[in-house]
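Comments concern the structure below.
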Amino acid sequence: MRKPLPEFLLALSTVAAFGAALLVSECSLRLVEPRYLDRTKGATVYSEDYGWKLRRGFRGPFHGVFTTVNDQAYRGPSHPASPEAGRTRVVMLGDSITFGVGVSDAETFSALLEARSARFDVINLAVEGYGTDQELIRLEREGLAYRPAVVVLNFCVANDLVNNAGSAPKPYFTLEGGVLSRHDAHMRLPWWRAAAQWLEDESHLYHRLEALLPARPNPLARETPSHGDRAGPKASAEVTFALIRRFDEVSRKASARFLVLLHPDQTAFEKRSSVLRRFCKTDALAGIAVVDLGARYRALGLDYDSIARDVQGHLTPLGHHFAAEVIEGLLTEDSPGGLRLACGDEAS
């Protein structure tokens, strides 16, 4: 007569069988509908490094437009680590304007710049909602690995100053004794919350069973230090200018040219922006090429409604076309001008 298994072995075999069943179910569901999470969860997932990041391999609707994210986690086709001989590698950093919310992959100004000639090789590392702080981290962690000849920081006049001082669940910087200090300890999840977040972001099985499971707090919604509540416009501008200087230092160290593009919202286009005035009057960015795109658009005879789809300055397809044209011109100039010249009549 066969002896019964010891209780601990029985428990272990039961757990193993249950785990195997879950694994088989998860794999089967992924095979049946590989794009299920793209359709139901969207284009972003949690990131301890940035707060959130793009879902690798995403293909689906995003703000009403079919959008793709490559396996290297940025929009558009993948690029090799090193640029092709004879091509200038450009790394774009920015938020939803640069990402190209509302236009197709081929209509973003990054894609159009690359398509205009064989000269430029453009990697669009922009992510919706990012501030200059997250963009700096992404440049240091990922962007420099692509060996850029040019680093372009696309600054959204409408909200980047606020994003750099806000209390969203993300890493942030403060100025301590004139030195930037990075704060990201609050982004590290204990293992059980990291496991829960993985289920939230990656599990096909979990989301199909979610309606049957008890509600749980989302790790993304946990309390985050509210440094932005204590930082006024002057403090957030000082942090922003320090972040831009760090961008310049990091780019120069990598032997890359650095360029800042100010993307106007409606008030900036109409020359009524206090944020733009701060840029034009500061001495903190001396020696850094900062270009007001609003002034460039007006010089081309463009009106705001033709280039932008909303007051925040998200670009229309025509706006992306002219942005690519202006950027191409800036990149082919020996020098696009310093801060005062670039801002033109905004400095008054």
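Values quoted throughout were computed directly from the atomic coordinates according to the rules given, and no laboratory measurement underlies them. Predicted model only: the values in this text are computed from it and were never measured. Cβ: placed from backbone, ideal geometry, glycine included. Neighbour counts: every protein chain shown.
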Worksheet entry | Kirkwood Rh in Å, taken over region 18-153 so that all alpha-carbon pairs contribute | 16.0
Discussion item. Could you derive backbone 3J(HN,Hα) for region 114-131 from the dihedral phi with the Karplus parameters 6.51, -1.76 and 1.60 (θ = phi - 60°), listing whole Hz in sequence and x where the residue is Gly or Pro?
Written reply: 5, 7, 5, 7, 7, 6, 10, 10, 10, 10, 9, 8, 6, 9, 4, x, 5, x
Practice prompt. Using packing as a proxy for protection, rank 38-46, 239-247, 126-134 so that the peptide with the highest average count of other Cβ atoms within 10 Å comes first.
Written response: 126-134, 239-247, 38-46
Worksheet item: Between region 287-308 and region 70-124, what's the alpha-carbon centroid distance in Å?
Response: 21
Worksheet item: Which translational diffusion coefficient, to the nearest whole µm²/s, is obtained for region 75-145 from the Stokes-Einstein equation, given a Kirkwood hydrodynamic radius over C-alpha pairs, 37 °C and 0.692 mPa s?
Response: 262
Worksheet item: Where does region 246-332 land on Rg(C-alpha)/(2.2 N^0.38 Å)?
Response: 1.16
Discussion item. From the phi angles alone, apply the Karplus equation (6.51, -1.76, 1.60; θ = phi - 60°) to region 239-249 and give each ³J(HN,Hα) in whole Hz, x where the residue is Gly or Pro.
Written reply: 5, 4, 5, 5, 5, 5, 5, 5, 3, 4, 4
Discussion item. Could you sort the peptides 181-188, 260-267, 323-330 by per-residue average Cβ neighbour count (10 Å cutoff), highest mean leading?
Written reply: 260-267, 323-330, 181-188
Discussion item. What is the ratio of the Cα radius of gyration of region 281-329 to 2.2 N^0.38 Å, with N the residue count, to two decimals?
Written reply: 1.29
